[in-house]
1. Would you please list the contacts, defined by Cβ atoms under 8 Å and residues six or more apart or on different chains, that run from a residue in segment 61-77 that is over 15 Å from ASP51 (Cα atoms) to a residue that is open to solvent by less than 40 Å² (accessible area, probe 1.4 Å) and assigned to a helix (DSSP H, G or I)?
2. I'm told ILE292 meets every condition in (1) in contact with a Ser or Thr (Cβ under 8 Å, 6 or more places away or on another chain); (2) surrounded by 20 or more Cβ atoms within 10 Å (Cβ to Cβ) except one. Can you identify the failing condition by its number?
3. Output the residues belonging to segment 307-332 that are farther than 20 Å from LEU258 by Cβ and either charged (D, E, K, R) or not in a loop (DSSP other than H, G, I, E, B) (or both).
4. The conditions are (1) open to solvent by 60 Å² or more (accessible area, probe 1.4 Å); (2) in contact with a strand residue (DSSP E or B) (Cβ under 6 Å, 6 or more places away or on another chain), and ILE211 fails exactly one of them. Which is it?
5. Going through GLU231, GLU223 one at a time, which residue ends up being of a type in the set (D, E, K, R), touching a His at 6+ places or on another chain (Cβ under 7 Å) and more than 26 Å from PHE104 (Cβ to Cβ)?
6. Here are ASP79, ASP51: which of them is over 25 Å from GLU330 (Cα atoms) and open to solvent by 40 Å² or more (accessible area, probe 1.4 Å)?
7. Limited to segment 34-64, what total is found for residues that are assigned to a helix (DSSP H, G or I), out of contact with any Ser or Thr (no Cβ under 8 Å at 6 or more places or on another chain) and either at pLDDT below 95 or among the polar types (S, T, N, Q) (or both)?
8. As an exercise: evaluate ASP189 against (1) at pLDDT below 95; (2) in contact with a strand residue (DSSP E or B) (Cβ under 7 Å, 6 or more places away or on another chain) and give the number of the one condition it does not meet.
Amino acid sequence: MRIHITYTGGTIGMIDSPNGLIPGADTRGWLFRLLEDAHMDASLFTFTELDPLIDSSNATPDNWQTMIDDLRVHHNDADAFVVLHGTDTMSYSSAALSYALADFGKPVIFTGSQHPLGKIESDATANVTGALNAAMSGRFHGVGLFFGHHLFAGNRVSKSSSWAFEGFSAPSVGPLARTGTPWHWYAGDSAAIGCGWTSPQPYSRHDVAVIDMAPGISAARLEAMLTPRPEAVLLRAYGVGNVPSDEPGLTDVIADVLHDGVPVVIASQCQQAEVLLGHYETGDAIARAGAIGSGDMTLEATYAKIMFLLSQGVTGADFGRWMCASIAGEISPSSLQTLPKTPICHI
């Protein structure tokens, strides 16, 4: 198989500096030495090093689009793709690319490492070889993320540890596969259950407010956070989508934002959750006002989906319907049954 590797930066290729770790390792040289040691034909591999390389904490939707552009340029030159990425926002990027590449038709596997490749204790080799095996397996065709011996769907995963080698998890659905002799596969290609999206417009920056509920938050503070109005709101509520409804005026602030035409999407602060607006009285008022529940999507998948829909120019009722639809397998069928009627698929 022909493999294309896109290197974006991240810990995997960093070196020490007086101000901490920065990009600077010879990642391409290291990678091709790894292929040679594994007796793999290096002529079947192509490599792009994005400029500039970034710490993934600095990633923006513009960087997502740069990755997408590189993958599309090499679409016909390779059978599978690996993206080397920093761990901090890798789950945001993998979710974002899953929507934009729903029509790509070839596996794209994200990976990185907790330690730089030059450290003897590094997990870089295990993660890169695992990602390559996942890409070449023929068992997965969407956007995935391989890390710590596990393969995940790229839009169902969150970073769960800043230090553990098994640094990612998919709390609502679990991994797709685990390395071993042979690999053990738990599930098939989840991207197949999505509607897809043909000819997506490029990602662009949009003003999306992400706000956590916390005990004691006042209506005045929430109003201040939402003034001036953003383009969309992602509100991380409690449990299945509950907010402090006894706090005077707080649900009125949310209703006013919705009345102003700003979509409000409700996620949960629980890693393993299914948002069910109206299941409790504390979530009923915002449900009646028109807030949109995120089902069992991760925070990262929800945020990236909001960015994707805004970049496509989706507004009004269509925005709510698409948030509740599965574009690339980012939301479970059980959640879809509790959400409004979904739009006609793009594919």
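1. Matching pairs, first to second residue: PRO61/ALA96; PRO61/MET307; PRO61/SER311.
2. All conditions pass for ILE292, except number (1).
3. PHE308, SER311, GLU330
4. All conditions pass for ILE211, except number (1).
5. Numbers: GLU223 fails: touching a His at 6+ places or on another chain (Cβ under 7 Å).
Going through GLU231, GLU223 in turn, just one is of a type in the set (D, E, K, R), touching a His at 6+ places or on another chain (Cβ under 7 Å) and more than 26 Å from PHE104 (Cβ to Cβ): GLU231.
6. Values: ASP79 fails: over 25 Å from GLU330 (Cα atoms).
Result: ASP51 is the single residue among ASP79, ASP51 that is over 25 Å from GLU330 (Cα atoms) and open to solvent by 40 Å² or more (accessible area, probe 1.4 Å).
7. 6
8. All conditions pass for ASP189, except number (2).
The values are calculated or read from the model by the stated rules, or taken from the named source; none is laboratory data. The structure displayed is predicted, hence computed values, not measured ones. Note that each Cβ is placed from the backbone with ideal geometry, even for glycine, and that neighbours are counted across all protein chains shown. Areas reflect the complete protein model, heavy atoms only, side chains present, ligands, DNA and RNA absent. Shrake-Rupley method; radii C 1.70, N 1.55, O 1.52, S 1.80 Å.
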